[in-house]
Amino acid sequence: MLDYRHETFLALCAIGSYTKTAQHLHLSQPAVTQHIQFLEAQYKCQLVRYENKQLALTPAGEELRGLLTRIAADAQRFRRSLDSREYQREELVFGATLSIGEYFMPRVIPEMLKESPRLNIHMEVGNSRVLLEKLRQGELDFALIEGVIDKSKYHSLVFSLERFVGICAPGSELTRGTVDFQALLKYPLILREQGSGTREIFENILKAYNFSTSSFASVMEIGNMAAIKELVAKGLGISFMYEIAAHKEIQQGNLAVIQIACFDVQREFNFVFLQDSAFTHKYLDYYRLLKDASKRASSGGR
């Protein structure tokens, strides 16, 4: 359990305002200020400062936030492990971004349970930003992320490389042969919402071509992958996603992969947890379990 002044510091880091932090914690603003001043006196260094009227952390403040975040997260993990011992089960709480959670893990989880039947698996599916925040808050043991992450802030291991493709309706003129990327801009684009890993990866690809989503004829944002695939199948636009997410529909002939000249994109699925966690050895065990289960699931064919 963190000292209450450390909890105030973490809240200030997240909120970025003394006034709003006080409101959030139901304290007076002078009390928040006193907590921070106490910590600065205790550690004999400045933790926060103002830059262009914006609250910012000093390098020491950043280091303290990282340390306290790990301690708080590890404490939550420890409490979960104690609760599960009573029932002779092992709680595994993790997050997965949409493509991984809906199209990759349903094949992998049965293999994990064959290897470790005592696992109580709790998987939360969400976008990258939400999952990484929950990881920092200690609500998740690890996260399986398909998007771009700052690997300097997390312990990250690649557990899969997956093809990223353009898709269209099977009757589209785009299925008649190879097309240049620029030829796709005249079509409506259907894609995930801001914050999703799939969206972030696609926007980075567009930057490499000196384009943006506004370069397309029109853009439709949909927060549901099944809805995106259905709209594309009806010929209402094109989309980009991991091939694994559209594998079933492609096999059934309801969607088609667009053959794009000089476009062969693979991206990482990453296993992510907090750096320097006291449970690093345990998370590495989970990583190996996941990798082995994935190999067994793949050998059975998709």
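The values are calculated or read from the model by the stated rules, or taken from the named source; none is laboratory data. Nothing here was measured: the structure is a model prediction, and the numbers come from that model. Using ideal geometry, Cβ is built from the backbone for each residue, glycine included, and neighbour counts are taken over all protein chains shown.
Numerical summary
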quantity: Candidate set from segment 73-92 (those that are buried (at least 19 other Cβ atoms within 10 Å of the Cβ) and either small (Gly, Ala, Ser) or under 27 Å from residue 267 (Cβ atoms) (or both)); member that is modelled with the lowest pLDDT; calculated: 73
quantity: Restricting segment 238-267 to residues that are within 19 Å of residue 219 (Cβ to Cβ) and more than 26 Å from the chain's Cα centre (by Cα), the residue that is surrounded by the most Cβ atoms within 10 Å (Cβ to Cβ); calculated: 258
quantity: Test: residue 272 is farther than 22 Å from residue 142 by Cα, outside any loop (DSSP other than H, G, I, E, B) and either touching a Lys or Arg at 6+ places or on another chain (Cβ under 6 Å) or in contact (Cβ under 8 Å) with a residue 40 or more places away in the chain (or both); calculated: no
quantity: Segment 1-58 - residue that is more than 17 Å from residue 69 (Cβ to Cβ) and among the basic types (Lys, Arg) and, of those, surrounded by the fewest Cβ atoms within 10 Å (Cβ to Cβ); calculated: 53
quantity: Output for segment 23-71, where each listed residue is β-branched (Val, Ile, Thr) and free of Cβ contacts under 8 Å to residues at least 60 places away in the same chain; calculated: 32, 33, 36, 48, 58
quantity: Residue check for residue 202: buried (at least 16 other Cβ atoms within 10 Å of the Cβ), in contact (Cβ under 8 Å) with a residue 12 or more places away in the chain and within 20 Å of the chain's Cα centre (by Cα); calculated: yes
quantity: Residue identified as of a type in the set (A, V, I, L, M) and either assigned to a loop (DSSP other than H, G, I, E, B) or touching a strand residue (DSSP E or B) at 6+ places or on another chain (Cβ under 9 Å) (or both) among 185, 144; calculated: 144
quantity: Every residue from segment 52-72 that is over 30 Å from residue 201 (Cβ atoms), modelled with pLDDT of 85 or more and charged (D, E, K, R); calculated: 63
quantity: Residues satisfying the stated conditions in segment 217-232, i.e. at pLDDT 95 or above and surrounded by 20 or more Cβ atoms within 10 Å (Cβ to Cβ); calculated: 228, 229, 232
